[in-house]
Amino acid sequence: MTRLITKAELEQSAALARLSTPVANIRQDIEQRNFGLPVALHVTYFGLFLAYLAVMFVGFTSPEMILPMVIFVLFTAAFYFVPMLWAQMGPAGAAPAPRMDEFARDGIMTLTGRCSGRDAVVQTLILPALVLGWGVAIVTLAAFLL
């Protein structure tokens, strides 16, 4: 069942093991932490969510809603400020966020290919715009039905 392994065989297998050791797949080329989007787009994105919360607060004003609204605003602000801080902690040679005119001209590269700036703005802002529109619709319906 067992056999004696000579020193030469052991050294040969150790040499083969060193050759076949995979290199760790750690990206060292991370140059930007701003997601390739302009700051104005980030501000608009979270501004639309804050506008939705404002519409809901104004539409359903009640003393019982103050604490939940404060919690909602704090969470929404955290979802904005954490990525902002992440972008600022980038490496020393990190590329700055593109300006809006550069973004509109150059677009952005995604996993499925290049996306024009206009299309990327629409894709980014469609969800918060729909959420805000939904909030306005709900408040309007509640105003007429209640």
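The values are calculated or read from the model by the stated rules, or taken from the named source; none is laboratory data. Predicted model, so just to flag it, every value in this text is computed and none were measured. Cβ: placed from backbone, ideal geometry, glycine included. Neighbour counts: every protein chain shown.
Tell me, which residue of segment 54-90 that is among the polar types (S, T, N, Q) and assigned to a helix (DSSP H, G or I) is modelled with the lowest pLDDT?
First pass over segment 54-90, keeping only residues among the polar types (S, T, N, Q): 61-62, 76, 88.
Those still in the list that are assigned to a helix (DSSP H, G or I) too: 76, 88.
Numbers: Thr76: 93, Gln88: 76.
Checked segment 54-90; the qualifying residue modelled with the lowest pLDDT is Gln88.
Pairs please, first residue from segment 1-17 and part of a loop (DSSP other than H, G, I, E, B), second anywhere and of a type outside the set (Phe, Trp, Tyr), Cβ atoms under 9 Å, 6+ apart in sequence or on different chains.
Ile5/Ser13
Any residue at all in segment 28-39 that is part of a helix (DSSP H, G or I), closer than 23 Å to Leu132 by Cβ and at pLDDT below 90? Break it down stepwise before answering.
Step one: filter segment 28-39 for residues part of a helix (DSSP H, G or I), giving 39.
Applying the additional criterion that residues be closer than 23 Å to Leu132 by Cβ yields 39.
Restricting the remaining residues to those that are at pLDDT below 90 gives 39.
Yes.
Name the residue that is surrounded by the most Cβ atoms within 10 Å (Cβ to Cβ), counting only residues in segment 94-133 that are touching a residue at least 24 places away in the same chain (Cβ under 8 Å) and closer than 19 Å to Ala54 by Cβ.
Step by step, filter segment 94-133, then rank; the result is Leu132.
If I filter segment 71-93 down to residues being surrounded by 12 or more Cβ atoms within 10 Å (Cβ to Cβ) and among the β-branched types (Val, Ile, Thr), which single residue comes out as farthest from Thr124 (Cα to Cα)?
Val73
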